[in-house]
Structures are given as structure tokens and as C-alpha cells.
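Data block below; observations after.
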Amino acid sequence: MTKSVAGVNGVPRRIGLVEDHESVAIGLAAMLGPHPDLALVATAGTVAGLLEDPECRLGEQWSLDLAVLDLRLADDSTPEDNVRTLRENGVEVLVFTGADNSYLVRSAARAGVLGVLRKSEDVAAVVAAVRRAASGEQVVTTDWAAAIDGDPQLSSVGLSPRQEEVLTLYAAGEKASRVARLTGLSEQTVNDYLGRIRQKYADAGRPAPTKTDLYKRAVEDGWLPVPERRR
């Protein structure tokens, strides 16, 4: 399906949906339809199917701002593999699920989703969550927070007290220059610390290549509080 309406700066955010229930696809299209800044450009029953859809490309480049992903798909793929595949192709993911399965939610959270949204949410909440995620922002829900707070498989990375301080400030939203001023370090030293922190997380099997990923790791390890749900 395609849509050509003016959105933010005249260009709508492009959304892909991975969902094998036609009624859900129709419902999400109906919810996003009245909003010119959001365009549901493709729907597929599998991640592979979405990747192959020509609507998801502009020339040789992938052109989705967000993939909305169901946790349970008929191809028996795992949420973790699906999220990683999408992110490896440069597309962030919002989970959209009706399943009350903490294991599946934790699996997706470990792979780096922007949030976990229940299909039972009202229309306004769904639209707001998709809009935030399509802009690259975290979508904080109780499901996502509970998943990262209760995951027994998180491996310790052994940060030093100084690294913890830098991570906490940076992951909370401060720029590296501001972290430098608050800690009395040079900006180059702060960036060096951030590089080492990322390497430690990567070595522990918990990669954090982006600032959003570092935020998640800081929450997982208790350096930042588990966020309250946004409505």
C-alpha cells in the first residue's frame, strides 16, 4: 500500500509493518491514515518479506523510518533475530503485540527495540507511540521497563566508577561537552571513556552503538532508574 501526503517538512515518516494478521494491518492503516506525517508504505507477514518489498526502497537505499513488528509470526522466527535483522538494515523497531509473554518481550528488548506497545492501547496512544518511534525516540511503556528490569541474562560489564559517572550523564541526555564540564574532564577524555564503555558492552554481548542503546544499558544495569510509563 502507498500513501503520498505532506507530513513534517512535506515528507511523511515512512512506516513498515511486519504482521501476519490482515485485520491488524487494516487497523493500523486506519489509525495512521488521518495523520499526514505518518505513512504506512508496506505490510508483510515476515521480516524477509518486508525487506523485499520495493515500497521500502528509494533507489538502492532502504527508506523506512520505522518497522512496527509483531512478536509472534507464523514463520516461527524469533523476535530477537527479527529485530537484529531490521536494525542491521538501518531500521529501528517498535514492537506491537497482543501477547502477554515476558520472555518474548525480553528477547526483543535485548535486541534493541525502541519500545513495546500493546495492541489493546487506544488509537491516540498507538499513533503517538508510532510518531515518537518513527522520529527515533524511545517509547517508554511498562512492558518494556519490566522486560529490561527483570532480565536474568544480562551480563555485567564491570565499569569503573568514573565510567559509570560518564555513562549516567551521557545516557541521561547530556552532550559530551556538557559531561566534560560536569565531570571536570576534557571532551576528548569523555569521548575516550564512551568508546571504552561501548567496547565493554560489546565484549559482554550487549552492544550499544547508539546513544539510545547506551540509555537502555544504563537502565538495565541500574545506573538510571526504570522509566515511568508515558501516556
Review point. Of the residues Val68, Val83, which single one is within 19 Å of Gly115 (Cβ to Cβ) and outside any strand (DSSP E or B)?
Key: Val83
Point to revise | Candidate set: the range 187-221, residues that are among the small types (Gly, Ala, Ser) and either touching a helix residue (DSSP H, G or I) at 6+ places or on another chain (Cβ under 6 Å) or assigned by TED's automatic domain parsing to the domain that holds Glu88 (or both); chosen: the one nearest to Glu80 (Cα to Cα) | key: Ala208
Review point. What tally of residues in the range 110-130 results from selecting those that are crowded, with 18+ Cβ neighbours inside 10 Å and assigned to a strand (DSSP E or B)?
Key: 3
Exercise for review: Give the residues of the range 55-71 that are of a type outside the set (Val, Ile, Thr), at pLDDT 85 or above and over 22 Å from Arg206 (Cβ atoms), sorted by residue number.
Suggested key: Leu64, Asp65, Leu66, Asp70
Point to revise | For Thr46: the one exception among (1) over 22 Å from Ala128 (Cβ atoms); (2) at pLDDT below 90; (3) of a type in the set (S, T, N, Q) | key: (2)
Revision key, fill the gap. The number of residues in the range 180-217 that are touching a residue at least 24 places away in the same chain (Cβ under 8 Å) and assigned to a helix (DSSP H, G or I) is 15
Study note, to complete from the structure: Going through the range 209-230 in order, the residues found to be modelled with pLDDT of 80 or more and not hydrophobic (A, V, I, L, M, F, W, C) are Pro209, Thr210, Lys211, Thr212, Asp213, Tyr215, Lys216, Arg217
Review point. Of everything in the range 28-55 that's among the small types (Gly, Ala, Ser) and closer than 11 Å to Val127 by Cα, which residue is surrounded by the fewest Cβ atoms within 10 Å (Cβ to Cβ)?
Key: Ala30
Point to revise | Count - residues of the range 86-109 that are part of a helix (DSSP H, G or I), within 12 Å of the chain's Cα centre (by Cα) and among the aliphatic types (A, V, I, L, M) | key: 3
**Study point:** Of all residues making up the range 88-107, the number that are charged (D, E, K, R) and modelled with pLDDT of 90 or more
**Key:** 1
Exercise for review: Select from the range 176-207 the residues that are of a type in the set (Gly, Ala, Ser) and modelled with pLDDT of 90 or more and list them in ascending order.
Suggested key: Ala176, Ser177, Ala180, Gly184, Ser186, Gly195
Point to revise | Hits in the range 153-163 (condition: outside any loop (DSSP other than H, G, I, E, B) and buried (at least 16 other Cβ atoms within 10 Å of the Cβ)) | key: Gln163
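The values are calculated or read from the model by the stated rules, or taken from the named source; none is laboratory data. If you're wondering where the values come from, they're calculated on a predicted model, not measured in any experiment. Every residue, glycine as well, gets a Cβ built from its backbone with ideal geometry; the counts of neighbours run over all protein chains shown.
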